[in-house]
Structures are given as C-alpha cells and as structure tokens.
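Here's the structure, in structure tokens; my notes come after.
The values are calculated or read from the model by the stated rules, or taken from the named source; none is laboratory data. A quick note: this is a predicted structure, and the numbers were derived from the prediction, not measured. Glycine gets a Cβ as well: all are built from the backbone with ideal geometry, and neighbour counts include every protein chain shown. Note: accessible area is taken over every heavy atom of the protein model, side chains too, but ligands, DNA and RNA are not part of it. Shrake-Rupley method; radii C 1.70, N 1.55, O 1.52, S 1.80 Å.
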Amino acid sequence: VAGKGPPAALLSALMQGLFAAQATGTDGPAASVSRMNTALTRRGIESRYATLFAAHLEPDGRLLACNAGHNPPVLVTKAGVHRLEKGGTVVGLFDGTPYIEESLQLEDGDTLVIFSDGVSEALSATEDEFGDDRLIDAVTRAKTGTAQDVVNGLLEAVKAFTHGAPQNDDITVVVVRYRMPAPS
C-alpha cells in the first residue's frame, strides 16, 4: 500500500478484507482485481492506492495471474526466467480500469517468487539499489533447494548487499514451488 503509518495500515486491512471476499470467485484473478479496484475507488480514500498481484494455481499446474502495478514476480522454470507483468495499473485510483490476466502452465519444480519493492529497492551503505538483476541472480542460485531455501537465499543476498544499512521499506518475499501431484 502507498504510505506509512495508520492510514496505510487501515488500507492494508481493507485490502485483506476485499481480497478475502473475492478469493472465492471462480471468474479469475483479473475479474477479482477489477472488483477490488472498483470497491477502493468508490471509498474515495484520497491519494491511497495499492499494488497487487493475484494468482490462482490449479493442481494440474495451470496458473492464472494478474499484476496490478506490483513488482513483476519472477517465475523460474527449466527454460529460464519469466516476469509476470500482465494485468493493469495500481488499484484504488481509477474506477473502470481494465485488468487482464495471463495463463501459464507450470511444470514440476517451477518456482514463483513474489516480493515487495523493499527487496529490489533495498539500499547499500552507498545508496545503490539491490535491483532486479541481483534479485534474479539470488533466486536462480537457490532454485534447486526448497521454497524456504529460495526465501533464505534471497534474504541473505539482500542482507549481504545492504551491510546493515537502514532500510526505508519492508522486505517481504513469498515463494511458491509447484509440485506435480502424484498419480492416483
């Protein structure tokens, strides 16, 4: 969410409630994000918006994803790295914004890394940003481990890069490792 302090916390709580209400829908993440955007814009919370990444993963590996202005998640597959950018703009600013989704077929072992901008924008003592290249490098180095190994590898890379420099934003990482269900 945009901003800090109590107003941002309230918007975050509102987003969680809206997301929970939409998560049971069967019409895909883009439709859910669109409804969330409408609900937020009609609340008239001035200068408050949020980025959002919503996805639905089926047991057979089909992933539907919609990115509403969030840092593009990284999908690491045997074929390489793919960024999930399709979707639309941030939620909460413009009513009627169209959102689209992309459909991907995951294979056993594919890894999806979703992260806050505090990861890619983490600053070193010399105020250099961690950046996407370092993020992708850290994720691909840890890709053969568990999902927790990927989280740990990325957080360790950020920590080593920042050398204890104070950060202005949260550093949040979510990793999903797809595993093909065993045949019945």
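Worth a mention:
- Filter result for Ser116 (touching a Ser or Thr at 6+ places or on another chain (Cβ under 9 Å) and hydroxyl-bearing (Ser, Thr, Tyr)): yes
Residue by residue, here is whether (1) part of a helix (DSSP H, G or I); (2) touching a residue at least 60 places away in the same chain (Cβ under 8 Å) holds:
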site: Ile136; (1), (2): yes, yes
site: Thr144; (1), (2): no, no
site: Leu154; (1), (2): yes, no
site: Phe161; (1), (2): yes, no
site: Gly164; (1), (2): no, no
site: Asp170; (1), (2): no, no
site: Val174; (1), (2): no, yes
site: Pro181; (1), (2): no, yes
site: Ser184; (1), (2): no, no
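- Hey, Thr111 under 14 Å from the mean Cα position of the chain (by Cα), hydroxyl-bearing (Ser, Thr, Tyr) and under 22 Å from Pro181 (Cα atoms) or not: yes
- Residue list for the range 16-39, restricted to those being modelled with pLDDT of 85 or more and among the hydroxyl-bearing types (Ser, Thr, Tyr): Ser32, Ser34, Thr38
- Residue within the range 137-148 that is surrounded by 14 or more Cβ atoms within 10 Å (Cβ to Cβ) and within 26 Å of Ala2 (Cα to Cα) present: no
- Taken together, the residues in the range 110-134 that are open to solvent by 70 Å² or more (accessible area, probe 1.4 Å), assigned to a loop (DSSP other than H, G, I, E, B) and closer than 21 Å to Gly3 by Cβ amount to 1.
- Where a residue in the range 8-29 is hydroxyl-bearing (Ser, Thr, Tyr) and its partner, wherever it lies, is surrounded by 13 or more Cβ atoms within 10 Å (Cβ to Cβ), with Cβ under 7 Å and at least six apart: Ser12/Val1
- Glu107 being open to solvent by 20 Å² or more (accessible area, probe 1.4 Å), touching a residue at least 12 places away in the same chain (Cβ under 8 Å) and either aromatic (Phe, Trp, Tyr) or in contact with a helix residue (DSSP H, G or I) (Cβ under 9 Å, 6 or more places away or on another chain) (or both): no
- Spans of strands (runs of 3 or more DSSP E) in the range 1-99 with at least 2 residues surrounded by 13 or more Cβ atoms within 10 Å (Cβ to Cβ) and either small (Gly, Ala, Ser) or at positive phi (or both): 52-57, 62-68
- Here Arg42 meets each of (1) closer than 25 Å to Asp137 by Cα; (2) at pLDDT below 95 with one exception, condition (1).
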